Amino acid sequence: MQFSDFDQFCTYMESFANLEKKQSGYTVRMYRLDRMRAILDHIGNPERDFRSIHVAGSKGKGSTASFLAKGLCAIGHKTGLYTSPHLTDYRERFTISGQFFPEAQLVQTANLLVSRLEGFRFEDEWGTTEPTAFELYTSYAFLLFSQTGCAWAVIETGLGGRLDATNTIVPEAAVITPIELEHTAILGNTISLIAEEKAKIIKPGVPVFISRQRDDARAIFTSEAERQHSRLYDLEAEVEALATRTEIDGEQVSIDWTRGEQTRLTLSMRGEVQAENCALALLVLRKLHLYEPQVTERALEEARLPGRMEFLGDAPPLVIDGAHTVESLRHLLNSFRQLFGNSGNTVIYGVLEDKDHLHMTQLLLPLFDRIIVSRPGTFKRSNPKALFQLLQDEVGELRNPPRLLLEENADKALQLALETTEKDKAILCTGSFYLCGEITRAFRTLRSLEEDPLEVATCP
């Protein structure tokens, strides 16, 4: 089998079981590492050809990974970045610190992977099983970074950590961003259970870096680090003060380190949550001696990632952000209000079934004049009608309730938002990266924009 373009390869990959679509049923036969290790052995263990940093967490891990990759690239290290999910294009998952690989290289590696997989067979007590799509995409990322001569790669987990396909690397550092209740049907229904899954990316003797965490999560990470004889760096102990302000020109961040140093940044990636993500990345780079003050900080200021308080258009401004947990939504709304106030604005809102609908809805209701409920694609299960009913049930307590609208089609939801929002107000799309992807595609169609949101890589 030979592919002539990358889209053909993605279509082929989707013929395998795609566990990213699952929201329950965390079975040993599906989620496992022995099959992933067998795949890597079969294709020549490309994950051993570069140094890596492993990033897990409930929120902020993609942004933190992007900051890390930018910092590494800036000081001369060709750095692969593997993240998920993508917004509109699978190419977003495999980049050189956020920039697309050339199409020819993507296709060449796709053909190489398929050729190396010839003859692969994995059997267990239940019989023969095929690789999952995520296992193959992860193998592809490792092979791509190896084939293109990456010295480093920043690898984001897909789900959890313990049994995630990415947990086959031995990194130079493990990084864990804030933990929240998420994927509870798969990872567990308490912070401690979820933290235990994430903690298993900690490897023997490998330093671990954690952002500010709830006490129950921090206790899990501290215990696992001690068990693995790994030094733990806690951002809360390393930073004396962290201040941030969202402005049109960017996120104004001020970090006062406990040893008396100060860092002042204007991040292109807006949102108050990015201050902590950036500080965590800086802590990792500093402690690993991969830091050149002015060069590193300038690179982090330039870092971008699709779907993180991203501005698509103006008149009215259209902002997309994939916030899908209570705390990430809280941070997003704080930043959005700093820019646009809390009067006259519209939100296009869609959430997957396994999220905290009630508390997210309660955050949104007082801040928007119009809430348009839409479907966050069909990749995972959602129930827009039930979400709309929840909004109707909760709105009764408000003195000035918003106008509630249900439009499951993303294209029509965007048109409705544009038609009903004044030009000097703003539209926010949030609740799901999948919804942000749908709205992005609809907006590009509406404005006849080019499809590729990233440039071809130029990192040495």
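Derivation of every value follows stated rules applied to the coordinates shown; laboratory data play no part. Keep in mind that what you see is a predicted model, and the values were worked out from it rather than measured. We place every Cβ from the backbone using ideal geometry, glycine too, and count neighbours over all the protein chains shown.
Quick look at the values:
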quantity: By average C-beta atoms within 10 angstrom, highest first, the peptides 396-402, 44-50; calculated: 44-50, 396-402
quantity: Packing-based order for 423-433, 293-303, using average beta carbon neighbours within 10 Å, highest first; calculated: 423-433, 293-303
quantity: Subset of K61/K423; K70/K412; K380/K425; K61/K380; K70/K198 violating a 29 Å alpha-carbon distance limit; calculated: K61/K423; K70/K412; K380/K425
quantity: Projected label distance in nm at L358 and F122, using a 7 Å step from Cα toward the beta-carbon; calculated: 3.9 nm
quantity: Dipole moment magnitude, nearest 20 debye, the chain about Cα centre, only Lys, Arg, Asp, Glu C-beta charged; calculated: 320 debye
quantity: E247-Q147 FRET efficiency (beta carbon distance; Förster radius 35 Å; 0.05 resolution); calculated: 0.25
quantity: Distance (nanometres) between label positions extended 7 Å along Cα→Cβ at N409 and Q2; calculated: 4.2 nm
quantity: Length added when fully stretched, T445-D314, from 0.36 nm per residue minus Cα-Cα; calculated: 45.6 nm
quantity: Full-stretch length increase - D49, E226 - with 0.36 nm per residue and alpha-carbon distance subtracted; calculated: 60.9 nm
quantity: Potential extension, R381-R330 segment - 0.36 nm per residue separation minus Cα distance; calculated: 16.0 nm
quantity: Spacing of the two label points (7 Å from each Cα toward its C-beta) at E236 and K423, in nm; calculated: 4.9 nm
